[in-house]
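What follows is a single structure, written as structure tokens, with notes after it.
Where a number appears in this text, it was derived from the coordinates with a stated rule and is not lab data. Remember, it's a predicted structure, so these values are computed and weren't measured experimentally. Cβ placement follows ideal geometry from the backbone for every residue including glycine, while neighbour counts extend to all protein chains displayed.
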Amino acid sequence: MLVFTAKRVLSGILLLVAVSIGTFFLAHLAISDPTAALLGTTASPAQQAALAEKIGIDRPLLVQFWDWLSHAVLLDFGVSWRNFQPVADQLAIKVPVTLSVVTAATLITAVIGIVFGMITGLSPGTWFDRIIKGVSVVLFALPGFWVSLVLVIWFAVQLRWFPAVGYVSPSQSVDGWVRSITLPAISLALGGIVAVSEQLRNAVIAQTRQDWVRTLRSRGLSSARVNLHILRNASPAALTVIALMFVGLLSGAIVVEQIFSLPGLGQLTNQSSQNGDIPMLLGITVISIVFVVLINLLLDLVLGWINPKVRVS
């Protein structure tokens, strides 16, 4: 397992380097003149030249890349071209906001999706199974931004259970923090619940038809213990979907953070794209890829712990 982990970490580092290189050059190709995006079209050529010299884009592109890469390996992503503040410092403020919402959405997805998938998988064709299928089709078809707006109208404006916009740090108020991330997390989680429950349902149905399940029941094991074994063998499919959902929710947070006015990575990505802030976009990309690598590594370790068949000696 140690060798396997080392190989996955190495592959993650190679992925990080490859994506960083691609993002760097694609960003410079897409934003041919960052000074125009930063200063506006009314800026004079002298002002644009002065800004280009200040942010270092008057140098050859390969020189710019090497300068960025040599600092990025030390977690120094340079300064933002928009406000000239260190990128790392701004990411340290924004990342906890997005992680709070995405982690909460993942937990909601996992808990509800596993419960629904387990119940419907153990009793396919029942009225509860048909209801869950119908609700799943409706939730899967609804646009995420529309669901977010409905949640705001119902639970924030009319019932006043949760704030409509804004974010409260847990250091200020734990209760306020939970209330501020609840609606964004629910709006992100709805689609994931459908995917997790459906995958687990199919896996549970497949497991209940195996000979070993009938053997356990013939030996007199209680239904709870048999169901626990079924869940353990069926869980890899659901865990894979949950891990993929976590990665997908990082990008889905862009829309949700705009709707709920959350000062997270989604909002920062949107602002940086509009302003042509390449150092900030590169910092966001690196942090996002790190999350992807860590989630995939964690998934492999958990699957190896749950299912001995996939363990690597």
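Assorted remarks:
- Toward the positive end of the charge dipole of the stretch 214-313, with +1 on the Cβ of Lys and Arg and -1 on the Cβ of Asp and Glu, the farthest Cα among S235, G264, L281 is that of S235.
- Taking the Cα atoms of the stretch 36-109, the ratio Rg/Rh between the radius of gyration and the Kirkwood radius comes to 1.14.
- Percent of C-alpha pairs per 10 Å bin, the stretch 134-257, short to long: 12, 30, 26, 19, 11, 2
- Around the amide H of V79, modelled in the peptide plane, lie the amide H atoms of V87, all under 5 Å away and 5 or more residues distant in sequence or on another chain.
- Separation in nanometres of the label points that stand 7 Å from Cα toward Cβ, at T42 and R219: 8.0
- The chain, helix-only ellipticity at 222 nm - DSSP H runs n ≥ 4, -39,500 (n - 2.57), divided by all residues, nearest 500: -26000 deg cm²/dmol
- Computed over the stretch 209-265, the Cα gyration tensor eigenvalues convert (square root of 5λ each) into semi-axes of 42, 11, 6 Å, ordered from largest to smallest.
- FRET efficiency, A141 to Q271 (Cβ-Cβ, R0 22 Å, nearest 0.05): 0.10
- FRET efficiency, 1/(1 + (r/R0)^6) with R0 51 Å, evaluated for K54 and L107 via beta carbons: 0.70
- L62/L301 FRET efficiency (R0 41 Å; Cβ-Cβ; nearest 0.05): 0.60
- Dipole orientation for the stretch 92-310: of the candidates L221, A104, S148, L221 has the Cα lying most toward the positive pole (charges on Cβ; Lys, Arg +1; Asp, Glu -1).
- Label corresponding to Cα Rg over 2.2 N^0.38 Å when calculated from the structure given, among (1) 1.12; (2) 1.21; (3) 0.94: (2)
- Lys, Arg +1 and Asp, Glu -1 on Cβ, resulting dipole of the chain about Cα centre, debye, nearest 20: 1600
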